[in-house]
Amino acid sequence: MKCYNHTKNDAVATCADCQKWLCHECASFYQEPVCAPCNQKRINYERQNIFKDFWIMLVLGIGLTYLWVSMFSERLSHGIDVMFVIVYFYIFFSVYNWWKFLNKITPEMFLFMSIIGWIIYFAIKFCLSLFVWVFVTPIVIYQKVKRLIELNKIKT
Ligand SMILES: [Zn+2]
Ligand SMILES: [Zn+2]
């Protein structure tokens, strides 16, 4: 078999995504043996996912803050001040990351434990996450922005 890019070169691998034949040069171009169009697809897909996450965070942040403020504003003696809105926006903006973070630190093996064991475990993780969730959002945003910049730098 010959490489799909270089008809003179013998193929040594196939693209991990579309199974096209690749020569040694083409197969070692990226970390994994993938062809250029598939690599571009992967980059686009990852970029879309990052933007999707930002949109979910924004929609949750704005939507839940709006709901919260409109539900409780009448009962607040001091009315709505800007700090109040910013704090709640940050909390709701973080909910999605918080939830993802909780999923990450809850190994799947606990799904097979007894219900009580699972509840205790989850309660401990939940309490722990109460202390760290404030820091999770800036870290997640930093990582996502860094990754976006990396993706833009990759030559295709
Ligand atoms: Zn491919
Ligand atoms: Zn090649």
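Derivation of every value follows stated rules applied to the coordinates shown; laboratory data play no part. Just so you know, these numbers come straight off a predicted model, no measurement behind them. Ideal geometry is used to build each Cβ from the backbone, glycine not excepted, and the neighbour counts take in all protein chains shown.
Structure notes:
- Modelled label positions at residue 17 and residue 51, each set 7 Å beyond Cα in the direction of Cβ, lie 1.6 nm from each other.
- Relative contact order for the chain: 16 percent, from Cα pairs under 8 Å spaced at least 6 residues apart, divided by residue count.
- Helix 36-72 and the longest principal axis of the C-alpha atoms of the chain enclose an angle of approximately 10°.
- Mean residue ellipticity at 222 nm, helices only, the chain: -23500 deg cm²/dmol; runs of at least 4 DSSP H residues each add -39,500 (n - 2.57), and the sum is divided by the number of residues.
- Exceedance of the 29 Å cut-off in Cα-Cα distance is limited, within the set 41/100; 125/153; 2/146, to 125/153; 2/146.
- Reachable aspartates and glutamates from residue 144, criterion Cα separation under 19 angstrom, eight or more residues apart if same chain: 46, 53
- Cα gyration tensor shape for the stretch 10-97, rounded if a/c is under 1.5, else prolate or oblate: prolate
- Approximate spin-label separation residue 119-residue 71, in nm, with each point projected 7 Å along Cα-to-Cβ: 2.4
- If the chain linking residue 132 and residue 85 were pulled fully straight, counting 0.36 nm for each residue of separation and taking away their Cα-Cα distance, it would gain 14.8 nm.
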